[in-house]
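Report on one structure; see the data block that follows.
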Amino acid sequence: MADSSNRPKAEHVRSNYRKHLFKKRELSKSADGEGLAFTAPTIVDKIAGDADGLMPIGKIGAPLNVEIPVWPDRPDPGLPFTNVLYLDWRPVTVPASEYQSFHNEEVPDSGTLPDDEFPLERTIPLSVFANFEGKFEFRYRVKNWNSPVETDSDPSPVTIDRTGPLRPDVPDSIIVEKPLITTAVLEADGGVKCEVPDFDEDKKEFVTIAVAWLDEPPTGELDPVELAFLGLLPADRKILVPKDLVYKLGSKFHYVVYFLFDKAGNRSDMPYPVRVQVALGDLPDGLQAPEVPLADDDLIDRADAASPTTVRIQEYDNWTSEDGILIKWGLNKIKRTPVGTHLPFPLDITVPWSHLKGEYDFATGGVQLKDVDYEVLRGDYPTASPGKIEVKVDLAIPGPDNPDPEPVNPALGLVRFESFSDSATELTLADIGEPATGYVTLVKTLLDELLKDDILTLYWNGAPVTSTPYTVTGSETADQEIPMTIPWLDIEKFPVMDDLPMHYTLTRPGFNNPQESQRTFIKVEVEIVDLPEPEFPDKDDIYPINCEALIQEGTEWGIRVHIPPSTYLKEGTEVTAIWWTYGKDKLTELTVPFLVGREVTEAEERVGLDWFIPYDKYLKPTYDTGDQYGWGKVIYGINVRGEVVSSDLVEVMIAVFEDGGHCAIPRP
């Protein structure tokens, strides 16, 4: 017999069991034909409003947070029963019957875990979907406490998208509506019109685009400040790059590139950047043909190249200092150069020797025609000149190779000098009136390059000597010395020089580029200084100094002695002059000598120097002797290179009497 003391408790349990069983049956009856389905779980971090449960790209690297809502028919408080909760998933590509469970747990009665503590926070482990991409369904199942029956929830979709738009394909480059962006285009369109090529993508209406407008191709991640547009891609896929951004970068090639981001946040690959030509302001106009100033008879030779050779660009309309000039000489162009570094107009732009040499065919030699042209670049947009010109170029040389454009060729060696008095370094007074000799040594490296009829010409202080040049016969031998005379006629033109240069040239019939040896320097001092005689500008040529020759200077009367201009009468040079007054015997000195010394002024260098001789002190004493005349003697000296050189001594008769007396002072 059962213990009657337990009957109330057992009855209570049976009552609750019947109550839950009844509820179960009621729920089953209220379900659709496939049975009861619990409320679907919540995917916490999915993109709001997305029917496919799309997860943001930033959330799929960790477990996914889910919430399990409270379900009906949980055990009442105090019942010794639990539900079993199962978490399941299946890719939508597998049958609905093939859900896979990845978690289960016992859920206690509603007293231990009240309904208000729901939803239960759980996760879908990363191991479930770590290598998955696509759509799957997530559900939960509950095994009832009072039967083996399991009830499924409605599934919640979850979409894992790891692939950006267009992958694995690279997006097509953006399309820029106009190939040249000018100020007129920017002002008319309000910026630069671009279009993104069409593409296939799920949820295309949610695609975001980032457009960057740059001054050089991108090499990495874009800086937000470089973005010209960031937002949902317009339905027509057209983007306007603001004009202010284009103005900020100025005239040059700009680069535009974009990225697409799908709804999940995946970024597309970067398409190939598009290079856009931008030329702002009024474009260059009125260009003229180029000129080559040094092209005498349209020919550029080595001397011109050394000068150096330039291309001249005349002023054109709408120029700016930032415009670039691109010269083309021959087949190739010279490095771009800005207008501002060559102002003012006309611009003379150097053609480097390396470029001239590279465009010349040395194997062919002779005169060659080269095209010369240019274009003006606004940014990188070219405006062509009205047409090229042709210039003749001859860079061929006789004799040994010369890597430089200058005519001096070190391979020619030095002239050996020999004076009449056997000096190798100087000409002195002992060599006056005599020729000297220059010797050219035909070293082997020179001889090997000489041809019959080549001409060697000796130069003295930059001018060819008047003796006959040497013509190569072809029978010369190595290290032979070729003597060439330096006539006295050539030497006396430059009587004094500390470093007089001499060299020789090698020329060849039909060649435009003579080659020169390096300079040999000698000292020359073969000058005989011959100063002009002093003059008496106020005296009549056929008469002595008389009363009529007197002039007034200040309060005194007298005569002038004039020292004529000469090679040696230079500004700042010291001049000394002496006057003596003698009786008629030219021996008796009537006064002390009159000596003056001073420096020559700039004006006196041009016209000569005047010296005033007072009448009372230096002329009248010849009358006071009782004789009718006397004599004046004058000489002057100039400091020439540290030594005083004198003029000839000049004598002049003095006859200062009239009307039975000496000259009337003051003069009438």
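Quick notes
- Using the rule -39500 (n - 2.57) for each DSSP H run of four or more residues, divided by the residues of the chain, the 222 nm mean residue ellipticity is -3000 deg cm²/dmol.
- Counted by neighbouring Cβ atoms within 10 Å, the residues His355, His562 run from fewest to most as His562, His355.
- The stretch 180-241 and the stretch 434-475: distance between their alpha carbon centers, rounded to Å: 75
- Amide H contacts for Ile482 (H built 1.01 Å from N in the peptide plane; partners 5 or more residues away or on another chain; cut-off under 5 Å): Val440, Thr441, Leu442.
- Qualifying trypsin sites (Lys or Arg not before Pro) in the stretch 326-421, where qualification requires a DSSP coil assignment and no more than 14 other C-beta atoms within 10 Å, comprise Lys335, Arg336.
- Computed label-point distance, nm, for sites Asp45 and Glu434 using a 7 Å Cα→Cβ extension: 11.0
- Value of relative contact order over the chain, rounded to a whole percent, pairs C-alpha under 8 Å and six or more apart: 7
- Listed by chain and number, the aspartates and glutamates placed with their C-alpha closer than 15 angstrom to that of Lys204 are Asp50, Asp52, Asp161, Asp236, Asp262; residues fewer than eight positions away on the same chain are left out.
- Applying a DSSP loop filter and a limit of 14 other Cβ atoms within 10 Å to the GluC sites (Glu not before Pro) in the stretch 490-577 leaves Glu492, Glu571.
- Among Ser97, Ser173, Ser153, Ser354, the order by Cβ neighbours within 10 angstrom, fewest to most, reads Ser97, Ser354, Ser173, Ser153.
- The slack in the chain from Phe118 to Arg519, taken as 0.36 nm per residue of separation less the alpha-carbon distance, amounts to 133.7 nm.
- Nitroxide proxy distance, nm - points 7 Å out along Cα→Cβ at Lys135 and Thr471: 10.4
- With R₀ set to 22 Å, the beta-carbon distance separating Asp610 from Thr576 gives a calculated FRET efficiency near 0.90.
- Within straight-line cross-link reach of Lys59, lysines at Cα separation under 16 Å, skipping those fewer than 8 residues along the same chain: Lys46, Lys135, Lys263
- Given charges at Cβ of Lys, Arg, Asp, Glu: the stretch 471-588 dipole, positive-most of Ile551, Asn513, Tyr582: Asn513
- Estimated D of the stretch 99-157 in µm² per second, where Rh is the Kirkwood radius over Cα pairs and Stokes-Einstein applies at 20 °C, 1.002 mPa s: 155
- Hz values of 3J(HN,Hα) by residue in the stretch 656-661 - Karplus curve (6.51, -1.76, 1.60), Gly and Pro given as x: 9, 9, 6, 6, x, x
- Computed over the alpha carbons of the chain, Rg followed by Dmax gives 56.3, 202 Å.
- Relative contact order [Cα under 8 Å, 6+ residues apart], the stretch 497-640, whole percent: 23
- Unpaired Cys in the chain, meaning no second Cys C-beta under 4.7 Å: Cys194.
- Dipole magnitude (debye, nearest 20) for the stretch 70-162, charges at Cβ of Lys, Arg, Asp, Glu: 380
- Those residues of the stretch 587-614 whose amide nitrogen sits under 13 Å from the label point placed on Glu651, 7 Å along Cα→Cβ: 587-589
- Available extension along the chain between Val94 and Asp296 is 63.7 nm, counting 0.36 nm per residue and deducting the alpha carbon span.
- Note on Lys357: lysines with a C-alpha under 23 Å away, same-chain residues under 8 apart excluded, are Lys328, Lys333, Lys335, Lys370, Lys388, Lys392.
- For the pair Thr208 and Ala289 in one chain, pulling the backbone fully straight at 0.36 nm per residue adds 24.0 nm over the alpha carbon distance.
- 0 to 90° range, to nearest 10: angle between helix 7-30 axis and the chain longest Cα axis: 60
- Rounded FRET efficiency, nearest 0.05, which uses the C-beta distance separating Ser147 from Glu195 and R0 of 60 Å: 0.40
Laboratory data are not the source of any read-out in this text; all were calculated from the coordinates shown. Treat the numbers as computed from the prediction; the structure is a model and nothing was measured. A quick note on method: Cβ atoms are made from the backbone with ideal geometry, for glycine too, and the neighbour counts reach across all protein chains shown.
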